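A.B. asks: Structure provided below as structure tokens; questions to follow.
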Amino acid sequence: MAMNVPPPRDEEAEVASDVLPCGRTLSAVWEACDDGTTAADPHLAACPHCSAAVADLGVLDDFVRRERATEAEAVAEAERARATSVTDRVMDLVRRELRPGRPLPLGEPAEDLWLVESAAARTFRAVADAMPGVRAGSCRVAPVAGAGATAEARGPLRVRIEVAAGLTWTVPELARVLRERITRAARETLGLDVRVVDIAVVDVLVAADDDAHRPNGRPR
Amino acid sequence: MTRHHPTTGRVPTADRLAQRAARAAREVEGVAYLRPGLAALLRGADHPRPAGVRVRHRTEPERWAIELHLAVLAGHRALDVARTVRAAVAEAARETLPARARLSVKVTITNIT
């Protein structure tokens, strides 16, 4: 394993991103279609990725309506073939909807407020990535109460995050700073009650800032 | 085409409630979008419902449960947005529902964008 490759982001591999090549999210484009505000945003018409997404949504909409309007299998078959290019992307979104990750409790026990794990994990990985010479890997967030807790248990949370770090950090120093920043982000950015932060340094980044000056060549 | 609930005939109220809840939620500062609700679309609901809102109704005693899934804009504290949405949706729902009805509102943030 190359030492400077960030550790795998396991949740992101499972949960396909909906960011288009232009940086817009598919869901934001579709939201504009739903709201009828596509004309207000010149980017949507000018950008090939966004206009393709808009067109695809039209195809999907058409497809779903026709599917519902007719029982004729032959017609359904033809429509299915026409919509194949859309299907993968649609199924990605559906899968993401059906598997958003565990809901984590927000706020007080009496409040029925939740934040899905994938959104919390993304926030904490960004905190780690923002530190010099640190790259985040996988991050899981779960109740301190542990695996026995029911899916919608309320209570304090534990964060487990894997990072790769440059040699400028000592592990205790890195753990102290990262733990402090994650706890603060949990409180100030999200509103989650994070009590425990487990940090695993799983890899070393060698001269991450400047690959050309890596002292020992490319370790394999 | 509106489909009436076999025993209560309350589905039109549920639709109206869902639409009001969606509008109230969208107006809250920091809400990016309500979840698209594709799974429901593909299951073939026979009338359009607002995305990201689910309304459930029980009788005896009359009870309504509204569930919202939404994304929050980065730079807004997730908890504060969720709280504001919950209060705004409850207030909007109260205008539609009879005073004796019990109401619960659940908010799940699915993304920060």
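The values are calculated or read from the model by the stated rules, or taken from the named source; none is laboratory data. Bear in mind that the values here come from a model prediction, so they are computed numbers and not experimental data. Backbone-built Cβ (ideal geometry, glycine too); neighbour counts: all protein chains shown.
A.B. asks: Which is surrounded by fewer than 20 Cβ atoms within 10 Å (Cβ to Cβ), at pLDDT 65 or above and not in a helix (DSSP H, G or I), of A:GLY155, A:GLY148?
C.D. replies: Every option except A:GLY155 fails the conditions.
A.B. asks: Give segment B:90-107 a look and list any residue that's more than 15 Å from B:HIS57 (Cβ to Cβ) and in contact with a helix residue (DSSP H, G or I) (Cβ under 8 Å, 6 or more places away or on another chain), or say none.
C.D. replies: B:GLU91, B:ALA92, B:GLU95, B:VAL107
A.B. asks: Can I ask one more? Of all residues in segment B:16-34 being surrounded by fewer than 18 Cβ atoms within 10 Å (Cβ to Cβ) and among the charged types (D, E, K, R), which is nearest to B:THR113 (Cα to Cα)?
C.D. replies: B:GLU29
A.B. asks: To continue, here is another question. When B:ALA99 is evaluated against the numbered criteria (1) within 14 Å of chain A (Cβ to nearest Cβ); (2) out of contact with any Asp or Glu (no Cβ under 9 Å at 6 or more places or on another chain), which criterion, by number, is the only one it fails?
C.D. replies: (1)
A.B. asks: A further question follows. Suppose we keep only residues that are in contact (Cβ under 8 Å) with a residue 40 or more places away in the chain and within 30 Å of A:ARG122 (Cα to Cα) within segment B:86-104. Which one would you say is nearest to the chain's Cα centre (by Cα)?
C.D. replies: Filtering first and then ranking leaves B:VAL89.
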